[in-house]
1. Between B:Leu126 and A:Glu231, take the C-beta separation as r, use R0 = 41 Å, and let me know the FRET efficiency to the nearest 0.05.
2. Using all C-alpha to C-alpha distances in the protein assembly as shown, build P(r) with 10 Å bins and read off the rounded percent in each one.
3. With 10 angstrom as the radius, rank B:Ser127, B:Ser11 by how many other C-beta atoms surround their C-beta, starting from the fewest.
4. With a 10 Å Cβ neighbour count serving as the proxy for reagent exposure, in which order, fewest first, do B:Tyr212, B:Tyr168 appear?
5. On C-alpha positions alone, give me the angle between the axis of helix A:119-148 and the longest principal axis of chain A, in degrees, nearest 10.
6. Determine the distance separating the Cα centre of the range A:93-110 from the Cα centre of the range B:102-123; give it in Å without decimals.
7. Identify which of B:Val66, B:Val43, B:Val112 has the largest mean-square fluctuation in a Gaussian network model of chain B, with springs joining Cα atoms closer than 10 Å.
8. Under the rule a/c < 1.5 gives rounded, and otherwise a/b versus b/c splits prolate from oblate, where does the range B:112-221 land using the Cα gyration tensor?
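Every read-out reported here was derived from the displayed coordinates using simple, explicitly stated rules and does not represent laboratory data. Treat the numbers as computed from the prediction; the structure is a model and nothing was measured. Quick reminder, even Gly has a Cβ in these numbers, built from the backbone with ideal geometry, and neighbours come from all protein chains shown.
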Protein chains: 2
Amino acid sequence: MESMNLNKHISGQFNEELENLRNHVMKMGGMVEQQLTNALNAVENTDEELAQEVLTSDFKINLLEVSIDEECTKIIAKRQPAASDLRLILAIAKAISDLERIGDEAGRIAKVALKSFSGAQQEFLLSLDNMGRQVLKMLHDTLDAFARMDVDAAFEIHKDDQKVDREYEALTRQLMTYMMEDPRSIPKIMDVLWSARSLERIGDRCQNICEYVIYFVKGKDVRHITREQIEKDILGNR
Amino acid sequence: MESMNLNKHISGQFNEELENLRNHVMKMGGMVEQQLTNALNAVENTDEELAQEVLTSDFKINLLEVSIDEECTKIIAKRQPAASDLRLILAIAKAISDLERIGDEAGRIAKVALKSFSGAQQEFLLSLDNMGRQVLKMLHDTLDAFARMDVDAAFEIHKDDQKVDREYEALTRQLMTYMMEDPRSIPKIMDVLWSARSLERIGDRCQNICEYVIYFVKGKDVRHITREQIEKDILGNR
């Protein structure tokens, strides 16, 4: 894996600090990806133990967020970075906040494994799992694009979020129809609905991280502008 | 209103830049507060026009977020701040991200005003409004604590989030029971449920902003630690 296109500095120690920072972010990303994988597996196999593990492991991600954030602040104060170094550090500071929230959402999803569902309801768990695997791939690709600061990959993932949104809407409609037909199922189906929402939110957070990649590489903040604008104005010179 | 306890610098221009930054954040905060007020009023009075206004005004908050973020980056690159100046700028960079998301949630709430509810369902809108006014006050107090960098006020608001969470849980239970009794109402009641969720999320975001106040004043990152720990370890020397 390429090395985040880090600039080489005269100060070997500064290089090392940025490399360490990068490694810590990738470690945090790996942990978050594992949490989401475990959450989905726990739901798929009604594995209560694994679900509990997801819930009790969240604090490790929180600790890492705080320590990486501190690392960013220290580097800024000590090295007074400018231009792309500063953009890198600020992109990392934002990305870890999204990663931490993805970890929280994984915990919400894991809780579904603690409930039992009837035969007819299993079909929704299957749809949830399908959506979950898609979002997991999106997260994996996002972390990969972030590790390589690959702006083209980031833009492709950014576009893919539409698919997740469509899947979320379809599943929501199905679940609402089912609740209307079997009102006693409402409390349980609501848990599935909240989990679908969590997955949709993870998709949004992956999109955020992809925006930071574009910000780092292109020096332009592309939040709140349309995909067409990003493609035309920012990536036009690919 | 006190002036965010800004340090005075030898460079008058640096002082001016920090003062401008502060004014822009407070302007953004004021706009977000107005959006939430309008959203709640729109729902209370079934005012479709006002709801549409909330939805079409959101872009102004987004623009402000991007420009304040750029301002933060420029000041860091140009002034190479350290210690409390750097903490202030980083606290602001984080706070505007929460403010922008509060604006998004206000938009989601406003959409409820575009639906019509039966007489029996009005009672839920009333509960939603009660919860909304409480969250609005929390937001107002949060912005006030942020403007004054008042760590005691921030801690009190932080504690108040529990009340919002309890209200959210009570309302959710009520809404689920009602849906079970009248399944045809599910699509509409779900809108109320999502709005209640949005309010609960706004409470969480206010809590985040309060944590940045504590971080700025005390130099300690209090995310992910318990209220008891904050009180004992961080604020003990009040």
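1. 0.30
2. Whole-percent P(r) values from 0 Å outward: 4, 18, 29, 29, 15, 4, 1, 0.
3. By the 10 Å Cβ count, ascending, the order reads B:Ser11, B:Ser127.
4. So the ranking, lowest neighbour count to highest, is B:Tyr168, B:Tyr212.
5. 0
6. Using only Cα atoms, the two centres lie 28 Å from each other.
7. B:Val66
8. It is prolate, given that a/c is not under 1.5 and a/b is the larger ratio.
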